[in-house]
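The values are calculated or read from the model by the stated rules, or taken from the named source; none is laboratory data. Quantities reported herein were computed from a predicted structural model and do not represent experimental measurements. Positions of Cβ are backbone-derived with ideal geometry, glycine not excepted, and every protein chain shown enters the neighbour counts. Surface areas here come from the heavy atoms of the whole protein model, side chains and all, with no ligands, DNA or RNA. Shrake-Rupley method; radii C 1.70, N 1.55, O 1.52, S 1.80 Å.
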Amino acid sequence: MGEVRSGELPHGYRFAAGYAGIRKVRADDLALMVSDTRAHAAGVFTRNAVRAAPVDSSARFLRETGGVARMLVANAGNANCATPNMWAVAEATARRAASLAGVPHNHVLLASTGVIGEPFGESAIPDALPGLWAGLDRSQFENCARAIMTTDTVPKVRYGSAGTGSTGVRLAGMAKGAGMIMPDMATMLSFLFTDAAIEPGLLQSMLSAAVDRSFNCVTVDSDTSTNDTVFLLANGASGVRIGRGNAGEFQAALDRLTRELAMDIARDGEGASKLAEITVEGTATNREAKTIAMAIANSPLVKTALAGADPNWGRILGAAGKAGIPFNPERADVFVNGVRVCAGGLRAKFDEPSVQRTMEKDEVSIGFRLDGGRPGRAVVWTCDFTQSYISINADYRT
């Protein structure tokens, strides 16, 4: 589950993780990620109307600088949201980090995850930053991924590349997220790094496109968060410049990286025992297909059927029907692990015990297809609902 794939880090970045006393138990809860030189930066943030101070601060910093950053500071254990001093915490963090690097405070991007509405001291993070700054090292990338975990059971780290030899660039990314997962985006943080040189406008458009095809296609429980953040830094340390004329290969590599991280999040959903990939085809548009796919993915009845390895195709058909996209059920087919279990809106002839056995594995595919040759298609990822999900969330604060 959530396997860490080895690879090479992009050039020109260093990392450190440590304990700032934010978590109730002693475990790393603070990560510092630094580019050795000024980097171009892009961000995508939650669309929740309730937003944490790090989200709005970082969005403002990116606007003020035109997409420039030197470092990221991320903490776990407290969301720094909905508290009287959340802005003071964010400001103190940015200014202390900036003083260590000798850069303007708006060159520091911030992210937090954890409990909402619980204040913590304005000096907790700033006081811990000098120790992390002194310990910056390329070997601590995965330690940073662990430091931002909350209910995650494993760190989520992926690597990628585009091009080869003297024209090659490296990518790496980490993510956290296991519950409150639903676009846009999810209760997740993800930090992506490349040593390509990319101008801020293109970098932002490439990140937004990748997020739409990955993190915005994953759901665990249909809840969004106050803190969702994805950052992409490009510091140019490889000497390879990516422009609109040669962006295709890099975009494909970025898409792969974010898709792998998104699937890791779904696979590690709170209490999950199965990753489910849901494909919808035959709608008028891709947007319609995604709407139906998300309705299936978010259905508690479908998700509990997944947990019980029950090929209950009626739940899938019913979930598709509530999505608000009109279709003729007599033209609908449903597939479970490649086996057609519903044909034209009716039960198909299939060996139910055989399909049930395939559903006992840790990955399940669901297909919903409308006959008619229309081009709309979407793929989303989710997980099953088990008793453990209820236990984790019932006990989250206590």
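List pairs: first residue in the stretch 314-334 and assigned to a helix (DSSP H, G or I), second residue surrounded by fewer than 16 Cβ atoms within 10 Å (Cβ to Cβ) and among the charged types (D, E, K, R) anywhere in the structure, Cβ distance under 7 angstrom, at least six positions apart or on different chains.
Sorted first by the residue in the stretch 314-334, then by its partner, the pairs are ARG331/ASP371.
Tell me whether the stretch 345-365 contains one or more residues that are within 14 Å of VAL280 (Cα to Cα) and either in a helix (DSSP H, G or I) or touching a strand residue (DSSP E or B) at 6+ places or on another chain (Cβ under 7 Å) (or both).
Taking the stretch 345-365 as the starting set, the residues that turn out to be within 14 Å of VAL280 (Cα to Cα) are 365.
Next, only the ones that are either in a helix (DSSP H, G or I) or touching a strand residue (DSSP E or B) at 6+ places or on another chain (Cβ under 7 Å) (or both) stay: 365.
Yes, the stretch 345-365 contains a residue that is within 14 Å of VAL280 (Cα to Cα) and either in a helix (DSSP H, G or I) or touching a strand residue (DSSP E or B) at 6+ places or on another chain (Cβ under 7 Å) (or both).
Going by the structure shown, is LEU132 touching a Phe, Trp or Tyr at 6+ places or on another chain (Cβ under 7 Å) and touching a residue at least 60 places away in the same chain (Cβ under 8 Å)?
Numbers: touching a Phe, Trp or Tyr at 6+ places or on another chain (Cβ under 7 Å): no; touching a residue at least 60 places away in the same chain (Cβ under 8 Å): yes.
When the stated conditions are applied, LEU132 does not pass them.
For the stretch 17-35, which residues satisfy the criterion of being in contact with a strand residue (DSSP E or B) (Cβ under 7 Å, 6 or more places away or on another chain) and among the charged types (D, E, K, R)?
Scanning the stretch 17-35 gives ARG23, ASP28, ASP29.
In contact (Cβ under 8 Å) with a residue 12 or more places away in the chain, of a type in the set (Gly, Ala, Ser), open to solvent by less than 20 Å² (accessible area, probe 1.4 Å) and in contact with a strand residue (DSSP E or B) (Cβ under 9 Å, 6 or more places away or on another chain) - does that describe any residue in the stretch 241-250? Spell out how you get there, then give the answer.
Step one: of the stretch 241-250, the residues in contact (Cβ under 8 Å) with a residue 12 or more places away in the chain are 241-244, 247, 249-250.
Now restrict to residues that are of a type in the set (Gly, Ala, Ser): 243, 247.
Now drop any that are not open to solvent by less than 20 Å² (accessible area, probe 1.4 Å), which leaves 247.
Going one step further and asking which of them are in contact with a strand residue (DSSP E or B) (Cβ under 9 Å, 6 or more places away or on another chain), we end up with 247.
Yes, that holds for at least one residue.
Take the conditions modelled with pLDDT of 95 or more, more than 29 Å from VAL240 (Cα to Cα) and open to solvent by 20 Å² or more (accessible area, probe 1.4 Å) and apply them to ARG47. Does it pass?
On the way: modelled with pLDDT of 95 or more: no; more than 29 Å from VAL240 (Cα to Cα): yes; open to solvent by 20 Å² or more (accessible area, probe 1.4 Å): yes.
In short, no.
Quick check: anything in the stretch 318-327 under 30 Å from LEU189 (Cβ atoms) and buried (at least 17 other Cβ atoms within 10 Å of the Cβ)?
Within the stretch 318-327, the subset under 30 Å from LEU189 (Cβ atoms) is 319, 323.
Now drop any that are not buried (at least 17 other Cβ atoms within 10 Å of the Cβ), which leaves 319, 323.
Taking every residue of the stretch 318-327 in turn, at least one turns out to be under 30 Å from LEU189 (Cβ atoms) and buried (at least 17 other Cβ atoms within 10 Å of the Cβ).
Count, please, the residues in the stretch 161-174 that happen to be modelled with pLDDT under 95 and not in a loop (DSSP other than H, G, I, E, B).
Qualifying residue count, the stretch 161-174: 3.
Counting just the residues of the stretch 135-153 that are modelled with pLDDT under 95 and buried (at least 17 other Cβ atoms within 10 Å of the Cβ), which one comes out nearest to ASP28 (Cα to Cα)?
Going residue by residue through the stretch 135-153, those that are modelled with pLDDT under 95 are 149-153.
Narrowing the set further to residues that are buried (at least 17 other Cβ atoms within 10 Å of the Cβ) leaves 149-152.
Details: MET149: 9, THR150: 11, THR151: 14, ASP152: 14 Å.
Of everything passing the filter in the stretch 135-153, MET149 is nearest to ASP28 (Cα to Cα).
Would you mind stating whether LEU306 is open to solvent by 50 Å² or more (accessible area, probe 1.4 Å), modelled with pLDDT under 95 and over 30 Å from THR37 (Cα atoms)? Talk me through it step by step, then tell me what you get.
Details: open to solvent by 50 Å² or more (accessible area, probe 1.4 Å): no; modelled with pLDDT under 95: yes; over 30 Å from THR37 (Cα atoms): yes.
Here the answer is no, as LEU306 does not meet what is asked.
Taking ASN85 as meeting all but one of (1) without any contact (Cβ under 8 Å) to a residue 60 or more places away in the chain; (2) in contact with a Ser or Thr (Cβ under 6 Å, 6 or more places away or on another chain), write down the number of the exception.
Of everything listed in (1) without any contact (Cβ under 8 Å) to a residue 60 or more places away in the chain; (2) in contact with a Ser or Thr (Cβ under 6 Å, 6 or more places away or on another chain), ASN85 misses just condition (2).
The conditions are (1) at pLDDT below 95; (2) surrounded by fewer than 21 Cβ atoms within 10 Å (Cβ to Cβ), and ASN227 fails exactly one of them. Which is it?
Tallying (1) at pLDDT below 95; (2) surrounded by fewer than 21 Cβ atoms within 10 Å (Cβ to Cβ), ASN227 fails exactly one: (2).
Where in the stretch 186-303 are the helices (runs of 4 or more DSSP H), entirely inside, with at least 1 residues that are under 30 Å from ARG38 (Cα atoms)?
Values: elements: 200-212, 248-267, 286-298.
Correct list: 200-212, 248-267.
Given ALA111, ALA90, ALA97, which one is within 17 Å of ILE148 (Cβ to Cβ), out of contact with any Phe, Trp or Tyr (no Cβ under 9 Å at 6 or more places or on another chain) and open to solvent by less than 50 Å² (accessible area, probe 1.4 Å)?
Details: ALA111 fails: out of contact with any Phe, Trp or Tyr (no Cβ under 9 Å at 6 or more places or on another chain); ALA97 fails: out of contact with any Phe, Trp or Tyr (no Cβ under 9 Å at 6 or more places or on another chain).
Only one candidate passes the filter, namely ALA90.
Between residues in the stretch 281-292 that are of a type in the set (D, E, K, R) and residues that are open to solvent by less than 50 Å² (accessible area, probe 1.4 Å) and in a loop (DSSP other than H, G, I, E, B), which pairs lie under 6 Å by C-beta distance while being six or more apart or on different chains?
Listed by first residue and then by second, the contacts come to GLU288/ILE325.
Can you confirm whether ARG158 is open to solvent by less than 20 Å² (accessible area, probe 1.4 Å) and either in contact with a His (Cβ under 9 Å, 6 or more places away or on another chain) or part of a strand (DSSP E or B) (or both)?
Values: open to solvent by less than 20 Å² (accessible area, probe 1.4 Å): yes; either in contact with a His (Cβ under 9 Å, 6 or more places away or on another chain) or part of a strand (DSSP E or B) (or both): yes.
It is true that ARG158 is open to solvent by less than 20 Å² (accessible area, probe 1.4 Å) and either in contact with a His (Cβ under 9 Å, 6 or more places away or on another chain) or part of a strand (DSSP E or B) (or both).
For the list (1) touching a strand residue (DSSP E or B) at 6+ places or on another chain (Cβ under 8 Å); (2) open to solvent by 10 Å² or more (accessible area, probe 1.4 Å), I need the number of the one condition that ASP255 fails.
Of (1) touching a strand residue (DSSP E or B) at 6+ places or on another chain (Cβ under 8 Å); (2) open to solvent by 10 Å² or more (accessible area, probe 1.4 Å), only one is false for ASP255: (1).
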